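Input: a single structure, listed below in structure tokens.
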Amino acid sequence: MKTLLIIDVQNDFMPGGSLAVPDGDKIVPIINSIQHKFDLVVASQDWHPQDHVSFASNHEGKSNFDVIEIHGKPQTLWPNHCVQGTDGADFHANLDTQKWETIFRKGTDKDIDSYSAFYDNGHLKSTGLTGYLKEKGVSQLFLCGLAADICVYFSTYDAFKEGFACFFIEDASRPLDFEEFEKLKEKMTYLGIQIISSADI
Ligand SMILES: [Zn+2]
């Protein structure tokens, strides 16, 4: 079963949002144009409480994009974003959600961040996405969304580790850090994850 997993296409990651990804809005019409090609479409939504550990505002004396250590692992501190129930946490208004069967929320635990739609950053707790996809009989998983070098990458990496054949749709994703994304593309290709264009689907 051919499945599309759309990662975090939310207002705070759009131009003008609190954690804007350059040209993040450009992917919306592309994602809308490919959804009909899939048997199953699911999405993830970054969904943080106000007191979330990843927000610089919750750490006295720290600034946005500082890196601190949490549970022995580096954590980048972000501007407040995707706070539960706010407009910033909503999906882009033009994004077609009609075909979506369900939405997996992540980053809901205030004490740990969750870049991947499958696990938190410490791999301590699963969102249940692997079990859901396996029960549905998903074999090929296509991923896209924001940001390409962070949440889409970590979701793709986890999906690959969980045994899905993974396809990263490059033009339906946009990175926060272009140089970092170039390195990650090389790593994904090395692993056997296919980097494709929406025209290839
Ligand atoms: Zn977040």
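Which of the residues spanning segment 29-52 are away from the ligand (no atom under 12 Å from the Cβ) and either within 16 Å of PRO175 (Cβ to Cβ) or touching a strand residue (DSSP E or B) at 6+ places or on another chain (Cβ under 8 Å) (or both)?
The first filter runs over segment 29-52 and keeps only residues away from the ligand (no atom under 12 Å from the Cβ), leaving 29-43, 50-51.
Within segment 29-52, ILE30, ILE31, ILE34, GLN35, LYS37, PHE38, ASP39, LEU40, VAL41, VAL42, ALA43, GLN50 qualify.
Of the residues VAL21, VAL42, which is closer than 15 Å to LEU146 by Cβ and under 14 Å from the mean Cα position of the chain (by Cα)? Walk me through how you get there before you give the answer.
On the way: VAL42 fails: closer than 15 Å to LEU146 by Cβ.
Matching residue, one of VAL21, VAL42: VAL21.
Being modelled with pLDDT under 95, out of contact with any Cys (no Cβ under 6 Å at 6 or more places or on another chain) and of a type outside the set (A, V, I, L, M, F, W, C), is that true of even one residue in segment 174-196? Checking segment 174-196: not a single residue is modelled with pLDDT under 95, out of contact with any Cys (no Cβ under 6 Å at 6 or more places or on another chain) and of a type outside the set (A, V, I, L, M, F, W, C).
Under the condition of being more than 28 Å from GLU135 (Cα to Cα) and within 12 Å of the ligand (Cβ to nearest atom), which residue from segment 1-16 is nearest to the chain's Cα centre (by Cα)?
Of everything passing the filter in segment 1-16, PHE13 is nearest to the chain's Cα centre (by Cα).
Just checking, does segment 127-150 include any residue being of a type in the set (A, V, I, L, M, F, W, C), within 16 Å of the ligand (Cβ to nearest atom) and at pLDDT below 95? I'd like the intermediate steps shown before the answer.
If we filter segment 127-150 for residues that are of a type in the set (A, V, I, L, M, F, W, C), which is where we start, we get 129, 133, 138, 141-144, 146-148, 150.
Narrowing the set further to residues that are within 16 Å of the ligand (Cβ to nearest atom) leaves 146-148, 150.
Going one step further and asking which of them are at pLDDT below 95, we end up with none.
The answer is no; no qualifying residue exists.
Listed by first and then second residue, the pairs with beta-carbon distance under 6 Å, at least 6 apart or on different chains, first residue in segment 99-127 and within 21 Å of LEU77 (Cβ to Cβ), second among the basic types (Lys, Arg) and within 14 Å of the ligand (Cβ to nearest atom), are SER114/LYS106.
Answer yes if at least one residue in segment 165-181 is away from the ligand (no atom under 16 Å from the Cβ), of a type in the set (D, E, K, R), out of contact with any Lys or Arg (no Cβ under 8 Å at 6 or more places or on another chain) and part of a helix (DSSP H, G or I), and no otherwise. The answer is yes; a qualifying residue exists.
In segment 71-87, is there at least one residue being surrounded by 19 or more Cβ atoms within 10 Å (Cβ to Cβ) and either at pLDDT below 95 or small (Gly, Ala, Ser) (or both)? Working first, answer last.
Step one: filter segment 71-87 for residues surrounded by 19 or more Cβ atoms within 10 Å (Cβ to Cβ), giving 77-78, 80-83.
With the extra rule that they be either at pLDDT below 95 or small (Gly, Ala, Ser) (or both), the set shrinks to none.
The answer is no, given that none of the residues of segment 71-87 is surrounded by 19 or more Cβ atoms within 10 Å (Cβ to Cβ) and either at pLDDT below 95 or small (Gly, Ala, Ser) (or both).
As for segment 97-110, it holds no residue that is in contact with a Gly (Cβ under 7 Å, 6 or more places away or on another chain), under 30 Å from ASP39 (Cβ atoms), within 12 Å of the ligand (Cβ to nearest atom) and among the polar types (S, T, N, Q).
The values are calculated or read from the model by the stated rules, or taken from the named source; none is laboratory data. All figures in this text were calculated on a predicted structure; none of them were measured in a lab. Neighbour counts are summed over all protein chains in view; Cβ atoms, including those assigned to glycine, are modelled from backbone coordinates with ideal geometry.
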